[in-house]
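Undergrad: Sharing a structure with you now.
The values are calculated or read from the model by the stated rules, or taken from the named source; none is laboratory data. Remember, predicted model here, so these are calculated numbers, not experimental data. Note that we place each Cβ from the backbone using ideal geometry, even for glycine, and neighbour counts take in every protein chain shown. For accessibility, only protein heavy atoms count, side chains too; no ligands or nucleic acids. Shrake-Rupley method; radii C 1.70, N 1.55, O 1.52, S 1.80 Å.
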Amino acid sequence: MTELLPTTGQGQEGRSSILSERNKATAAVVLTVVLWASSFVAIRGVGHALSPAPLALLRLAVAGVALTVLMVLRHRRVPRIPTSPKSLRLIVAYGVLWLAGYTVVLNAAERHVDAGTAAMLVNSAPLLVAFGAGLLLGEGFPRTLIAGSFVALAGIVVIGLGSSGDSDLIGVLLCILAAILYAAGVLIQKVTLRSVDGATVTWLGCVIGTAVLLPWVPQLVDELASASQGAILGAVYLGLVPTAIGFSTWAYALHRMDAGRLSATTYAVPAVAVLLSWLLLSEMPTAYGLIGGAICLLGVAISRYRPRRAPEGTTSVPARKPAAE
């Protein structure tokens, strides 16, 4: 687009605008990674007080209410719902598969496997997204993305090796299912964002996810009666912060970045989760956790690397041969 601007000054303003958007998207990615990492810590503390589906219901209901209020304040009226049947189908699929399905399955998985194993298996999803985006969305298979993804996966495996908890086949299968739902949700959301803004997609996704889980309202009411105040506050935190804020910042970044490259950044989630567990739960990271976390961050850096292109208009011109005498 900068090539079409008539003056140099305007071109510089255009490039500055692009850089500003990239910086905002990068900030949104960093915030998303931190908030999603914190959800593993919160689920660990809440998961024993609330069952998987009721916990997911409370989490999405809190997020849905918060986003509804924000949408009304933003538009100063009841926000409009997309009228395109295709867009509505995509949003429903996104809400059911990722926000509802993934959340319930992840809650259930963490009852069977330790956090290290869960992080190792669930975070295979970004690699699935990278290949899916290359095949279905035409994003291709950049070498740095693929190489960085495998490096980050190796780091996740190292973190898992340092886990002291037990795991069983059901937990492993649930983690794999969660990864598949995660990847499907990202690819569906990426297509949806072509016609619907990120705030609307996230808001409707939370509302739809809540509606899907309404059959578990009686069980949620029963469990809340005996749950501790800390568990309830933890569930509210999951709804307000990792879900309402985290998925909103994710949608903002996804609208401006390739799905494969963006998903690769979430390989940093296990590393950040190890750090947060150390700071908030006084769980000292093992040597495996520290080394694996460093490898994860290296993989993210590799996947995000893009070779610099020569500035336009600076291509070298072969020297002319001297004229024959």
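Undergrad: Hey, among the residues in the stretch 19-38 that are exposed (fewer than 15 other Cβ atoms within 10 Å of the Cβ) and small (Gly, Ala, Ser), which one's nearest to LEU238 (Cα to Cα)?
TA: So, considering only residues that are exposed (fewer than 15 other Cβ atoms within 10 Å of the Cβ) and small (Gly, Ala, Ser), the one nearest to LEU238 (Cα to Cα) is ALA27.
Undergrad: Still on this model: Of the conditions (1) open to solvent by 20 Å² or more (accessible area, probe 1.4 Å); (2) β-branched (Val, Ile, Thr); (3) farther than 15 Å from LEU99 by Cα, VAL196 clears all except one; give me its number.
TA: (1)
Undergrad: Considering (1) modelled with pLDDT of 75 or more; (2) touching a Leu at 6+ places or on another chain (Cβ under 8 Å); (3) open to solvent by 10 Å² or more (accessible area, probe 1.4 Å); (4) of a type outside the set (A, V, I, L, M), say which one TRP98 fails and leave the rest.
TA: (3)
Undergrad: Right, here's the next one. Could you tell me which numbered condition LEU135 fails, if it satisfies all but one of (1) over 30 Å from HIS112 (Cβ atoms); (2) touching a residue at least 12 places away in the same chain (Cβ under 8 Å)?
TA: Here LEU135 meets the rest and fails (2).
Undergrad: Mind checking which residues of the stretch 192-206 are part of a helix (DSSP H, G or I) and in contact with a helix residue (DSSP H, G or I) (Cβ under 6 Å, 6 or more places away or on another chain)?
TA: Applying the first criterion (part of a helix (DSSP H, G or I)) to the stretch 192-206 yields 192, 198-206.
Those that are part of a helix (DSSP H, G or I) and in contact with a helix residue (DSSP H, G or I) (Cβ under 6 Å, 6 or more places away or on another chain): THR192, GLY198, VAL201, THR202, TRP203, LEU204, GLY205, CYS206.
Undergrad: Take SER226 and tell me if it is out of contact with any Ser or Thr (no Cβ under 9 Å at 6 or more places or on another chain) and not aliphatic (A, V, I, L, M). Reasoning before the result, please.
TA: Details: out of contact with any Ser or Thr (no Cβ under 9 Å at 6 or more places or on another chain): yes; not aliphatic (A, V, I, L, M): yes.
So SER226 passes the test.
Undergrad: Mind checking which residues of the stretch 244-257 are open to solvent by 60 Å² or more (accessible area, probe 1.4 Å) and either touching a Ser or Thr at 6+ places or on another chain (Cβ under 8 Å) or outside any helix (DSSP H, G or I) (or both)?
TA: Matches in the stretch 244-257: none.
Undergrad: What tally of residues in the stretch 66-114 results from selecting those that are within 17 Å of the chain's Cα centre (by Cα) and either free of Cβ contacts under 8 Å to residues at least 60 places away in the same chain or under 30 Å from HIS48 (Cα atoms) (or both)?
TA: Looking only at that region, the number is 15.
Undergrad: Pairs under 9 Å by beta carbon, first residue within 25 Å of THR249 (Cβ to Cβ) and open to solvent by 40 Å² or more (accessible area, probe 1.4 Å) in the stretch 165-191, partner modelled with pLDDT under 90 and part of a helix (DSSP H, G or I), six or more apart or different chains?
TA: Listed by first residue and then by second, the contacts come to ILE180/ALA125; ILE180/LEU128.
Undergrad: Let me ask something else. Can you pull out the residues in the stretch 110-145 that are open to solvent by 40 Å² or more (accessible area, probe 1.4 Å), touching a helix residue (DSSP H, G or I) at 6+ places or on another chain (Cβ under 6 Å), modelled with pLDDT of 75 or more and in a helix (DSSP H, G or I)?
TA: Answer for the stretch 110-145, where residues must be open to solvent by 40 Å² or more (accessible area, probe 1.4 Å), touching a helix residue (DSSP H, G or I) at 6+ places or on another chain (Cβ under 6 Å), modelled with pLDDT of 75 or more and in a helix (DSSP H, G or I): just LEU128.
Undergrad: If you go through the stretch 76-86 one residue at a time, do you hit one that is more than 22 Å from ALA184 (Cα to Cα), crowded, with 21+ Cβ neighbours inside 10 Å and not small (Gly, Ala, Ser)?
TA: Residues of the stretch 76-86 more than 22 Å from ALA184 (Cα to Cα): 76-81, 83.
With crowded, with 21+ Cβ neighbours inside 10 Å added as a condition, the list becomes none.
There is no residue in the stretch 76-86 that is more than 22 Å from ALA184 (Cα to Cα), crowded, with 21+ Cβ neighbours inside 10 Å and not small (Gly, Ala, Ser).
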